[in-house]
Amino acid sequence: MAEVHLSHPEKLPLKEFREAFETRLAACSADELSVLLRVLASRVRPSERLSFLQSLQEPSDSGAQALLGQHELLDDIAELSHSLPEMAREWEELWPEEDILGPYAKLLEPLTALFSHAQEASERGQYPLAREAYHALFELLTYEDEFGRGLRPEHLSQVDFPEARARYLRAVYLTTPPEQRAPVLLEQMRRVRSLLPRGPRPLMQDWLDISSEPLPDSDVFLRDWVSLLREQDGPDADAWLREAIRLSQGTRGLRELAFSEPSRHPRAFVELLAALEREGPPRKVLTTAREALEVLPSGLPLRAAIADFLVSAAARLGQADTVRSARWEAFVSRPTLSRMLDLRDSRSSASERSRVMREAARHLEEVLQKPRRPSGSMAVLLDDEDRLEAPAHVDRRLLAHAWLLALDWESAHAIAAKESPLGWTYGDNPQGTVVPAFLVLLSRQPLGALPRNVDRLWHQALESGAHAGDWYSGDERHDAVLRDRLSRAYADVLPAFSLEPSEHERMLEWSLEIARKRVSSIVSNKHRRSYGKAATLLVASAEVLWLQGEQARGNLLLAGFRESFRRHRAFQAELDEAVGSRAPSSRH
């Protein structure tokens, strides 16, 4: 049996599914089909066995198939819609205020079934009915009672809304006169976009892929579509214009769009380079990326994405110098921790890595001296789905990492010394990075053999610091990789630190002073959620003293806080847990 390789394993477009299915079907013999059916039958749930048997019946002639009743489907949707005001009144009388859906929950099953019927109309080619049905269903999902409550797409877990809107838009296309298609589709694209404002943007490719049948008059439509979209503003219109030009004119059209108005359509460069990269030859990608960086305004965060293409092409061509310069461009355009580590990794020797980290630190200092973006400007970032145009949120923890990785602990100390001992977990206080790094350094132990609390404190610093300069990705795997990269960078540089005795003593005293202030502030102000962190820091400080042979001083540090906060039982319990069952003297 022939093997078919499919792309997009998580969600296959219907067109691609049907084409792959036909290919696989054609490759099967009658015996192989019999085996497949028996395997499928063995997987059928007991409650679905009758449906499975019915689905194996030979279909009747397509011309004689009974069509869905238009009035019946639309009447069912209307009836459900008319029930909403009554349900709102019922909520006020019978349902607790904190209930998420209240009586509306009773509509989930029938509403899901109505979406299924609309899909069936679409699949049978009943496009006028599918258009009206989907339009009415989407309208129903915009209903709000006087308290702003109602059913929303996210409540219908069994409905694939991106697919539903693709079917609707295809139905709109097929039921609209050709001369009116472009303005009508633009209006409806914006309408369905508002239904899922935080979801993926609707695209023409979606309603191309929802059927294996080609769109009639698509060339004429694309011409009108491009012409209309050139007159529109906003990120949605720009995305649809770039897609339309890619579909109708390919890389030639994208290149013309990008270079004719680079400030208005900077993302066209990204799509152009992605298309060129898919085509193969890295030389063309490298040349185009360089040309793009020459015409795009400096300071544009999107330049980092262009630089990434340049890095990839230069690496394939073995141009190490270009890789390094492109890494710098990417970091300067969007200075994040991941890009800073990329910058460091592009250098081969320890001295070069220290030098480039110093350069990175100086650049970050310049960025931090500039005025912060006003909070109102965050609204524009909501449309930036992949954050390519979002400026990096540079903070002082990122600067602390740069100085530490540059082996410049004096500069790291300078930016941390003037900060408050509180606010290590949230915000951009560099003390939460610098103090744990100093305690690790003062312990004189490899990262794999740190005392328990020093190790715990260090991992807390990595957890917090791994997001320095980055928005939280929400991707646990990505965040774990970034923490691991940061940890390996420190494992590389920490053994290279060499301190004079006087410097060692000064670093120790400052770290102990900050630890005392932080623990005292947390416990005296009863920040109970931070008692565990305070205990970890305090015992980590004692562990460093014990490792240096100062058992009495470490014991005295702990005893002083036990006495000062003897009535704070929750803190005492956290301190007991941090110290553990072993006596301090056994730690040497």
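The values are calculated or read from the model by the stated rules, or taken from the named source; none is laboratory data. Being a predicted model, the structure only gives us computed values, none of them experimental. We place every Cβ from the backbone using ideal geometry, glycine too, and count neighbours over all the protein chains shown.
Ser227 meets all of the listed conditions (1) assigned to a helix (DSSP H, G or I); (2) under 23 Å from Ala136 (Cα atoms) but one, namely (2). With respect to the stated conditions, Ala578 is closer than 21 Å to Asp455 by Cα, part of a helix (DSSP H, G or I) and within 43 Å of the chain's Cα centre (by Cα).
Of the residues in the stretch 286-302, at least one is surrounded by fewer than 20 Cβ atoms within 10 Å (Cβ to Cβ), among the basic types (Lys, Arg) and closer than 21 Å to Thr322 by Cβ. Picking from residues in the stretch 306-322 that are surrounded by fewer than 23 Cβ atoms within 10 Å (Cβ to Cβ) and among the small types (Gly, Ala, Ser), the one that is nearest to Arg264 (Cα to Cα) is Ser312.
Among the conditions (1) assigned to a helix (DSSP H, G or I); (2) buried (at least 18 other Cβ atoms within 10 Å of the Cβ); (3) in contact with a Leu (Cβ under 6 Å, 6 or more places away or on another chain), the only one that Gly253 does not satisfy is (3).
Residue check: His504 meets all listed conditions (1) out of contact with any helix residue (DSSP H, G or I) (no Cβ under 6 Å at 6 or more places or on another chain); (2) in a helix (DSSP H, G or I); (3) without any contact (Cβ under 8 Å) to a residue 40 or more places away in the chain; (4) not hydroxyl-bearing (Ser, Thr, Tyr) but one, namely (3). Take the residues in the stretch 336-354 that are among the basic types (Lys, Arg) and surrounded by 20 or more Cβ atoms within 10 Å (Cβ to Cβ), then tell me which one is farthest from Pro301 (Cα to Cα). Only one residue tops the list, namely Arg353. If you go through the stretch 521-534 and keep only what is part of a helix (DSSP H, G or I) and free of Cβ contacts under 8 Å to residues at least 60 places away in the same chain, you end up with Val523, Ser524, Arg528, Arg529, Tyr531, Gly532, Ala534. Screening Arg191 with (1) in contact with a Phe, Trp or Tyr (Cβ under 8 Å, 6 or more places away or on another chain); (2) farther than 15 Å from His135 by Cα gives one miss only, at (2). When we screen Ala304, Ala275, Ala361 for residues that are touching a Gly at 6+ places or on another chain (Cβ under 8 Å) and either more than 28 Å from Gly253 (Cβ to Cβ) or assigned to a helix (DSSP H, G or I) (or both), the only hit is Ala275. Ser263 - would you say it is outside the structural domain of Ala491 (by TED's automatic domain parsing), among the hydroxyl-bearing types (Ser, Thr, Tyr), at pLDDT below 95 and touching a Lys or Arg at 6+ places or on another chain (Cβ under 9 Å)? When the stated conditions are applied, Ser263 does not pass them. Residue-level check: of (1) surrounded by 14 or more Cβ atoms within 10 Å (Cβ to Cβ); (2) more than 30 Å from Ala406 (Cα to Cα); (3) over 35 Å from the mean Cα position of the chain (by Cα); (4) at pLDDT 90 or above, Arg587 misses just (4). Exactly one residue out of Glu279, Glu271 is surrounded by fewer than 18 Cβ atoms within 10 Å (Cβ to Cβ) and among the acidic types (Asp, Glu): that is Glu279. Only one of the listed residues (Gly234, Gly253) is closer than 23 Å to Arg193 by Cβ and either of a type outside the set (D, E, K, R) or in contact with a strand residue (DSSP E or B) (Cβ under 6 Å, 6 or more places away or on another chain) (or both). That residue is Gly234. The set of residues in the stretch 367-405 being part of a helix (DSSP H, G or I), at pLDDT 75 or above and surrounded by 10 or more Cβ atoms within 10 Å (Cβ to Cβ) consists of Val367, Leu368, Arg396, Arg397, Leu398, Leu399, Ala400, His401, Ala402, Trp403, Leu404, Leu405. Look through the stretch 406-438, keep the residues that are among the aliphatic types (A, V, I, L, M) and part of a loop (DSSP other than H, G, I, E, B), and return whichever of them is modelled with the lowest pLDDT. Looking at residues that are among the aliphatic types (A, V, I, L, M) and part of a loop (DSSP other than H, G, I, E, B), I get Leu422.
Within the set Leu114, Leu108, Leu101, the sole residue that is at pLDDT 90 or above, surrounded by 14 or more Cβ atoms within 10 Å (Cβ to Cβ) and farther than 24 Å from Leu169 by Cβ turns out to be Leu108. Each residue in the stretch 543-557 was checked for being more than 13 Å from Asp455 (Cα to Cα), touching a residue at least 12 places away in the same chain (Cβ under 8 Å) and either in contact with a helix residue (DSSP H, G or I) (Cβ under 7 Å, 6 or more places away or on another chain) or not assigned by TED's automatic domain parsing to the domain that holds Pro421 (or both), and 7 pass.
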